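Notes to accompany the following structure.
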C-alpha cells in the first residue's frame, strides 16, 4: 500500500492557474461594482445638503419692530428688528426670568448677553418653543392679550401651553418651557446681509 503523504505533488497546471486568477479578478471587479452604488446610498442627498446649508437673509427691509422668518434645517428662524423701546424693555422683567443671563448653552458665546444677539437691534432665534415644539407668536407690549399680564413688556407667547418669552427669547419662570429659545449660529456678511447657520468665515 502506497503512502499518499509521501507521493510528490502533481505539477501545477499553468492553464488552470490562469483560469483561477481570471475568475478571482472578475469576482473582485463584480464585488466592487456592486459595493460602490450601495455605499453611495449612505451619502446625503442634495435636498439634505440644502436643508443643512446656511441661509442668507437680507435684513435691510425689516422695519423697526418687524420680523422676517426664514427656514433653516427645516426650522423657522426669526430675524427681528428691535426698536429702542424693545431693547430697553429687556431689563424690565429680569427677576421674573428662569435664565436671565442665558447660562445654558442655547446660544453661541457671542450671543450670551442681555439681548442674546450680535447687534442689539437685530435678534435671531429659532421660532420653536422648547416645551413641545410648538410655534410661539410675537406678543407686543400693550397688545391687550388676556393671556398676558397687564404690565407685559413685549415678547413671545406660545399659545399651546402658555409659555412666555421676553424680547430676547428668555423664558419666564414657572412656565412649561424649560429653557430659553435657541439662538442659531449666525454672522453678518455685510451691513444688510445676515448668514444664518454659519458663524465663521
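The values are calculated or read from the model by the stated rules, or taken from the named source; none is laboratory data. The model shown is predicted, which means the values in this text are computed figures rather than measured ones. Here the Cβ is made from the backbone with ideal geometry for all residues, glycine too, and neighbour counts use every protein chain on show.
Scan the stretch 136-154 and give yes if some residue there is touching a helix residue (DSSP H, G or I) at 6+ places or on another chain (Cβ under 9 Å) and either outside the structural domain of residue 76 (by TED's automatic domain parsing) or in a strand (DSSP E or B) (or both), otherwise no. First the steps, then the outcome.
Step one: filter the stretch 136-154 for residues touching a helix residue (DSSP H, G or I) at 6+ places or on another chain (Cβ under 9 Å), giving 140-141, 153-154.
Subset that is either outside the structural domain of residue 76 (by TED's automatic domain parsing) or in a strand (DSSP E or B) (or both): none.
No: zero hits.
Please go through the stretch 100-135 and give me each residue that is touching a residue at least 12 places away in the same chain (Cβ under 8 Å), over 19 Å from the mean Cα position of the chain (by Cα) and assigned to a loop (DSSP other than H, G, I, E, B), ordered by number.
Once the filter is applied, which keeps residues that are touching a residue at least 12 places away in the same chain (Cβ under 8 Å), over 19 Å from the mean Cα position of the chain (by Cα) and assigned to a loop (DSSP other than H, G, I, E, B), the stretch 100-135 yields 100, 114, 115, 120, 121.
If you take the residues of the stretch 69-99 that are in a loop (DSSP other than H, G, I, E, B) and modelled with pLDDT under 90, which of them is farthest from residue 172 (Cα to Cα)?
Quick first cut of the stretch 69-99, residues in a loop (DSSP other than H, G, I, E, B) only: 73-74, 82-83, 90-93, 98-99.
Of the ones still in play, those that are also modelled with pLDDT under 90 are 92-93.
Values: 92: 12, 93: 9 Å.
Selected residue: 92.
Would you confirm whether any residue within the stretch 52-61 is farther than 20 Å from residue 195 by Cα and touching a residue at least 60 places away in the same chain (Cβ under 8 Å)?
Pass one, the stretch 52-61, residues farther than 20 Å from residue 195 by Cα: none.
Checking the stretch 52-61: not a single residue is farther than 20 Å from residue 195 by Cα and touching a residue at least 60 places away in the same chain (Cβ under 8 Å).
Does residue 155 qualify as being surrounded by 22 or more Cβ atoms within 10 Å (Cβ to Cβ), over 19 Å from residue 72 (Cα atoms) and over 20 Å from the mean Cα position of the chain (by Cα)?
Numbers: surrounded by 22 or more Cβ atoms within 10 Å (Cβ to Cβ): yes; over 19 Å from residue 72 (Cα atoms): yes; over 20 Å from the mean Cα position of the chain (by Cα): yes.
When the stated conditions are applied, residue 155 passes them.
Among the residues of the stretch 87-101, are any at positive phi and either assigned by TED's automatic domain parsing to the domain that holds residue 56 or surrounded by 15 or more Cβ atoms within 10 Å (Cβ to Cβ) (or both)?
So the first thing to find is which residues in the stretch 87-101 are at positive phi, and the list is none.
The answer is no; no qualifying residue exists.
Run residue 142 past the list (1) on the phi < 0 side of the Ramachandran plot; (2) over 28 Å from the mean Cα position of the chain (by Cα) and report the number of the one that doesn't hold.
Looking at each condition in turn, residue 142 falls short on (1).
Okay, residues lined up against (1) within 20 Å of residue 62 (Cβ to Cβ); (2) modelled with pLDDT of 95 or more:
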site	(1), (2)
109	no, no
137	yes, no
140	yes, no
144	no, no
196	yes, yes
